[in-house]
Amino acid sequence: MMSSEKSKSTVQTTGHSWDGDLQEFNNPLPNWWLWTFYATVVFAIVYWILYPAWPIGKDYTKGVMNEITYTTADGKTVTTHWNTRALLLKDMQQAREAQQQYLKDINASSYEQIRNDEEKSAFAYSMAKVLFADNCAACHQAGGNGKIGFYPNLLDDAWLWGGSFEKIQETITNGRHGAMPSFKGRLSEEQISDVAEYVLSLSGNEMDTAAVKRGRKVFTTDGGCTACHGADAKGQIFMGSANLTDKIWTIADVPGAESAADKKSAVMQVVTNGKQRTMPAWKGRLSDTEIKILTFYVHQLGSGK
């Protein structure tokens, strides 16, 4: 739109005029725009011929692209005209086939071979993350850090039932049942207090010397704690008893205690009430290969030790 008083152009106008001096020029469209428009028309016609496009009653045009044949997850073979859904299902079939080959390779490999093969370990790790999230994260948390008092932390190097590939696989396959007996009624409150002092001293906490000495006697004699935790208090893998000499706590929330009194109280509660923990067996719920992949993943979470 331009003013006729300000322009002396000889270009033809449409004949429309507004306010007496405003006119609309009838300029031709640029050639590049016209050819682009014609190209889109040609493209649309070719597309309609090649691909499914126009609805016809309850059906639609199928196009002339090659047919697609794929196999569904339940083993049924399907042949259909080309469409994006069929293409997706074919891609999924190919992905399943590739996954099955990887699973066969994993199943036929030792844990050391998986760990030393970058491609196998990457596949096992990626699949295990999904398996762990679906089956293990509810207890051990998404990152595997567990929850003190309930579920062990899988990120440290402290393994109650052993941290080798074989021991971890045994744990996942058959499950575990850990039992810390209650000493309420078996030991006096003073004895429980003393043994708590001793237990805390084992992991480097500064406690009352006299109470620690009395607690050591309770630990080794009246309490019978050495039967499970061993004479050196480092635990016994075949029983799943905790190592009391490190600073890793799975039941008593000593790290979360704000004071020495709170730490002692946390240990006393465990000694007094005991603790029962069960790890369910995954044999029958997961395939042997899935258990193997999870074993590899959990082993690597614990720094591969």
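Every number here is computed from the coordinates shown, using simple stated rules; none is lab data. Remember, it's a predicted structure, so these values are computed and weren't measured experimentally. Cβ placement follows ideal geometry from the backbone for every residue including glycine, while neighbour counts extend to all protein chains displayed.
Things to note:
- Charges were assigned to the Cβ only: +1 to each Lys and Arg, -1 to each Asp and Glu. The resulting dipole of the chain about its Cα centre is roughly 840 debye.
- Separation between Cα centres of the stretch 174-202 and the stretch 112-169, rounded to whole Å: 29 Å
- The candidate values were [x] 60; [y] 68; [z] 46; the one computed from these coordinates for percent of Cα pairs over 25 Å apart carries the label [y].
- Summarising the label geometry, the points placed 7 Å from Cα in the beta-carbon direction at residue 97 and residue 65 lie 1.9 nm from one another.
- Summing +1 for each Lys or Arg and -1 for each Asp or Glu among the other residues whose beta-carbon sits under 14 angstrom from that of residue 287 gives +1.
- Put simply, when 197-209, 79-91 are sorted by average Cβ atoms within 10 angstrom per residue, most first, you get 197-209, 79-91.
- Ordering 42, 226, 55 by the projection of their Cα atoms onto the charge dipole of the chain, which places +1 on the Cβ of Lys and Arg and -1 on the Cβ of Asp and Glu, puts 226 at the extreme positive end.
- Under-5 Å amide H pairs with residue 13, H placed in peptide plane, nonlocal only: 26
- Selection from 299, 124, 181, by position along the positive dipole direction of the chain (Cβ): 181
- Crossing angle, helix 165-174 versus the chain [Cα axis fit, 0-90 degrees, rounded to tens]: 90 degrees
- Estimated 222 nm signal from helices in the chain, with DSSP H stretches of n ≥ 4 weighted -39500 (n - 2.57), rounded to 500: -14500 deg cm²/dmol
- Residue exposure sequence - 47, 111 - by fewest surrounding Cβ within 10 Å: 47, 111
- Rounded to the nearest 20, the Cβ-based charge dipole of the stretch 126-301 about its Cα centre (Lys and Arg +1, Asp and Glu -1) stands at 380 debye.
- Helix 84-108 axis, angle to the chain major axis (alpha carbon atoms, nearest 10°): 30 degrees
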